[in-house]
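First up is the structure itself, then whatever we jot down about it.
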Amino acid sequence: MRQVLFLISLVVLSPFVAFPLPPYPPPEIEARVVRVIDGDTIEVELLQVPESLADQLKAGMMVKVRYIGVDAPEKDSGSGLLATQLNRLLVMDKRVFLEVDERLFDDYRRLLAYVYLDPNGHLMVNAILIMTQVIPAYPPGLFEGTNRYDECFQEADRWCLPCRCIGWEGIAREPGDYLGKVLWVCGPVKSARRTRKGHIFINLGNPYPRTPRFTIVIWNDYVPSFDLRFGVGWERTLEGKTVCARGKIEMYNEIPEIKATDPDQLSWEDLAPTCCRSYIP
């Protein structure tokens, strides 16, 4: 509990969550938390709903709420149990205040919201949880229509989480130990290509299609921001360099990968974070 109170004090002092961010007003939905499902999902009873949302939400409804921007570990893991406990300490049986973004529900019909502990929008639960060492933020741009505070969440994540870096071969050898975790992964680029559809694939350790390897994937929707930062054709300069990428570890066709959506997720040579320098030749 002492750690949670300390984190709350950090949020109060942090400029990116200390005030409701203009032009957004204080949250308009009032609710009572009746159940904490996991580290990023709760169930609430709606107590007050603005007229603008009355066609979809009504006072007295029981609604599952998914915190926007928060990527809590799976509940059945050790860190997931801790994330659930932290969430419960913050909100269980509390009256909370919800702010919605452009997208109202996810594919599971959960209400997507920024959840606050006060009616004026000073203490955002989403940000408090991201500021722990247990729960990372989602990569920016992952879900359309819920991007209002992406920059704030990414800054909170960078400021509070220690740098966690591992070589590509460790993940390729035992991927199950790392799935779902947000890490820096480093390794030598053996092949990098831009497809006809504009996607970029960067392979560490071995060139495609050889295995084992680790892949950094940049879908074409996000490529323009990388081209703007690094220059068109930048991927062709990477072969032979050691590149580090930060993101959530996933699997595709038995190959571990990171999906990069922001140039800040990639670094190499003198741009690499301090904890990854041992991997840079």
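The values are calculated or read from the model by the stated rules, or taken from the named source; none is laboratory data. Computed from a prediction, not measured in an experiment: that's the story for all the values here. Because the Cβ atoms are built from the backbone with ideal geometry, glycine has one as well, and the counts that use them run over all protein chains shown.
If you check Asp93 against the conditions, is it at positive phi, outside the structural domain of Lys181 (by TED's automatic domain parsing) and either at pLDDT 95 or above or not small (Gly, Ala, Ser) (or both)? So Asp93 fits the description; yes. The single residue among Ile37, Ile29 that is over 30 Å from Gly247 (Cβ atoms) and out of contact with any helix residue (DSSP H, G or I) (no Cβ under 6 Å at 6 or more places or on another chain) turns out to be Ile29. Based on this model, can you work out whether Leu179 counts as in the same structural domain as Arg103 (by TED's automatic domain parsing), surrounded by fewer than 20 Cβ atoms within 10 Å (Cβ to Cβ) and either closer than 14 Å to Ile258 by Cβ or aliphatic (A, V, I, L, M) (or both)? In short, no. Filtered by the rule that a residue be small (Gly, Ala, Ser), over 26 Å from Glu30 (Cβ atoms) and assigned to a loop (DSSP other than H, G, I, E, B), segment 67-98 gives a lone residue, Ser77. Residues of segment 37-71 that are among the small types (Gly, Ala, Ser) and out of contact with any Gly (no Cβ under 9 Å at 6 or more places or on another chain): Ser52, Ala54, Ala59, Gly60, Gly69.
Residues in segment 110-138 that are under 15 Å from Val182 (Cβ atoms), assigned to a loop (DSSP other than H, G, I, E, B) and modelled with pLDDT of 75 or more: Met131, Thr132, Val134, Ile135, Pro136, Tyr138. Taking (1) touching a residue at least 24 places away in the same chain (Cβ under 8 Å); (2) not assigned by TED's automatic domain parsing to the domain that holds Trp219 in turn, Arg277 satisfies each apart from (1). For segment 85-108, the criterion of being free of Cβ contacts under 8 Å to residues at least 40 places away in the same chain, closer than 16 Å to Ile42 by Cβ and of a type outside the set (Phe, Trp, Tyr) is met by at least one residue. Name the residue that is farthest from Lys248 (Cα to Cα), counting only residues in segment 136-157 that are out of contact with any Asp or Glu (no Cβ under 7 Å at 6 or more places or on another chain) and hydrophobic (A, V, I, L, M, F, W, C). The residue in question is Cys152.
There is no residue in segment 142-163 that is surrounded by 15 or more Cβ atoms within 10 Å (Cβ to Cβ), out of contact with any Lys or Arg (no Cβ under 9 Å at 6 or more places or on another chain), in a strand (DSSP E or B) and in contact (Cβ under 8 Å) with a residue 24 or more places away in the chain. Restricting attention to segment 170-197, the residues being more than 21 Å from Gly78 (Cβ to Cβ) and in a strand (DSSP E or B) number 11. Here Val243 fulfils each of the conditions (1) touching a Gly at 6+ places or on another chain (Cβ under 8 Å); (2) outside any strand (DSSP E or B) apart from (2). Applying the criterion of being β-branched (Val, Ile, Thr) and farther than 17 Å from Ser267 by Cβ to the residues of segment 216-245, the residue that is surrounded by the fewest Cβ atoms within 10 Å (Cβ to Cβ) is Val232.
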